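Scroll down for the structure; my scribbles are underneath it.
The values are calculated or read from the model by the stated rules, or taken from the named source; none is laboratory data. On a predicted model such as this, the values are computed, not experimentally measured, just so you know. With ideal geometry, Cβ positions are generated from the backbone for all residues, glycine too; neighbour counts draw on all protein chains shown.
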Amino acid sequence: MDPKTKTTPPPLGNEPLQPVPLKNPVSTQLEFFQHLVIQPKAIIGLVILAVFISMAIFAPLIAPGDPSRFVDRPHRPPSSEHWLGTTGQGQDVFVQVVWGARISLFIGFSVGLLTTLLGLIIGMIAGYIPGVIDGLLNMFTNVFLLIPGLPLLITLASFLPPGIITVILVLTATGWAWSARVFRSQTLSLREKDFVSASVVSGENTSRIVFSEILPNMLSLVVSSLFGSVAYAIASDAGLAFLGFENVNNVSWGTMLFWASNNSALLQEAWWTFLPPGLCIALVSFATTMLIYAMDEITNPRLRSEKEISIVLKKFHIGAKRSTPVVKEPIA
């Protein structure tokens, strides 16, 4: 008999047992993504991110030409010729916004991947291997958590040569500690579960237990950390560029803010030079926040139960602020 089938007892008589095929089990990871793609918050976040990623990939088709090229008089307002006007140096703002998405998103996702990977490795090793290793890694993490982030960013960016790689390394060095602390706490909790103890008793090695048993149960936390690190990296990159600690000749959303400030755009009421890049940064941060909220609603039992209760209340047209009726039995 096929091992993937089960038998059911006959209702009456001595009829032979009929094999009933079992459904293929859906993995936890696939089920998580299935729930994610139907969440309204996740759909909003994914659509916004897809728009910006497509804009960065197809920048030569959307806005052909050199974004640093001078096209008209400085501080020209938006018009049919220049949709978002011109900068204080006579460059097309729309072209710079489209091309600036390439560097800003590249830095954001690169730093997000590196900080999440570094924090995951250090956090899981510290959480699964107690003793001296946990103590040393925990102390190393606490040192980076106690150092003020902005002064460390400025110090490292000042002494290192300007460039995209330098920005990625600096933001990774200052942003991994928070992820490591969260992953360590989650690993400490999962290490005491029964399925981990069963793997240890069965003789599996440490690397297999960590990456095959513990890591899949931290998938939602890893993805949330990734999107949070992306938002942190894009905002920090814009801050460094605005302060002039990057190569301002590169076209990014942060350098656009730098040149808008340097050309006194606010005093000249040239809002079109700083509002579009600032709005792009805010929208990307909003999209990542929506994705984090959606994953929290899926993985948090309390939020999931509250949402299910609200759906039932709406179905029966019961207000959320309506108190629960109390029925008292009559006294005999």
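Data overview
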{"read-out": "Where a residue in segment 65-94 is on the phi > 0 side of the Ramachandran plot and its partner, wherever it lies, is buried (at least 17 other Cβ atoms within 10 Å of the Cβ) and among the polar types (S, T, N, Q), with Cβ under 8 Å and at least six apart", "value": "His75/Thr86; His75/Thr87; His75/Asn263; His75/Thr273; Gly85/Thr273"}
{"read-out": "Given (1) surrounded by 21 or more Cβ atoms within 10 Å (Cβ to Cβ); (2) within 19 Å of Met55 (Cα to Cα), index of the condition Gly278 fails", "value": "(1)"}
{"read-out": "Which numbered condition Ser158 misses (of (1) modelled with pLDDT under 80; (2) among the hydroxyl-bearing types (Ser, Thr, Tyr); (3) surrounded by 14 or more Cβ atoms within 10 Å (Cβ to Cβ))", "value": "(3)"}
{"read-out": "Check on Leu188, under 30 Å from Pro216 (Cα atoms), among the aliphatic types (A, V, I, L, M), in contact (Cβ under 8 Å) with a residue 12 or more places away in the chain and surrounded by fewer than 17 Cβ atoms within 10 Å (Cβ to Cβ)", "value": "yes"}
{"read-out": "Among residues of segment 258-279, those that are within 24 Å of the chain's Cα centre (by Cα) and more than 15 Å from Gly85 (Cα to Cα), counted", "value": "2"}
{"read-out": "Residue selected from segment 56-87 under the condition of a type in the set (S, T, N, Q) and assigned to a loop (DSSP other than H, G, I, E, B), by the criterion surrounded by the most Cβ atoms within 10 Å (Cβ to Cβ)", "value": "Thr87"}
{"read-out": "Which numbered condition Ala177 misses (of (1) closer than 21 Å to Gly254 by Cβ; (2) crowded, with 16+ Cβ neighbours inside 10 Å)", "value": "(1)"}
{"read-out": "Candidates Val167, Val210, filtered to the one that is more than 30 Å from Met256 (Cα to Cα) and among the aliphatic types (A, V, I, L, M)", "value": "Val210"}
{"read-out": "Condition check for Pro148: more than 21 Å from Asn249 (Cβ to Cβ) and either over 29 Å from the mean Cα position of the chain (by Cα) or at pLDDT 95 or above (or both)", "value": "no"}
{"read-out": "Index of the failed condition, Arg102 passing every other in (1) assigned to a loop (DSSP other than H, G, I, E, B); (2) surrounded by 15 or more Cβ atoms within 10 Å (Cβ to Cβ)", "value": "(1)"}
{"read-out": "Residue in segment 131-142 that is closer than 23 Å to Ser110 by Cβ and part of a loop (DSSP other than H, G, I, E, B) present", "value": "no"}
{"read-out": "Index of the failed condition, Ala235 passing every other in (1) assigned to a loop (DSSP other than H, G, I, E, B); (2) closer than 17 Å to Val111 by Cβ; (3) at pLDDT 90 or above", "value": "(1)"}
{"read-out": "Selection count where residues are free of Cβ contacts under 8 Å to residues at least 12 places away in the same chain and either more than 20 Å from Ile103 (Cβ to Cβ) or among the basic types (Lys, Arg) (or both), scope segment 154-185", "value": "2"}
{"read-out": "Subset tally (residues that are in contact with a helix residue (DSSP H, G or I) (Cβ under 9 Å, 6 or more places away or on another chain), under 16 Å from Ile129 (Cβ atoms) and charged (D, E, K, R)) for segment 191-210", "value": "3"}
{"read-out": "Breaking point among (1) more than 18 Å from the chain's Cα centre (by Cα); (2) surrounded by fewer than 21 Cβ atoms within 10 Å (Cβ to Cβ); (3) not in a loop (DSSP other than H, G, I, E, B), for Val248", "value": "(3)"}
{"read-out": "Selection from segment 191-228 of residues that are at pLDDT below 85, buried (at least 16 other Cβ atoms within 10 Å of the Cβ) and of a type in the set (Gly, Ala, Ser)", "value": "Ser199, Ser220"}
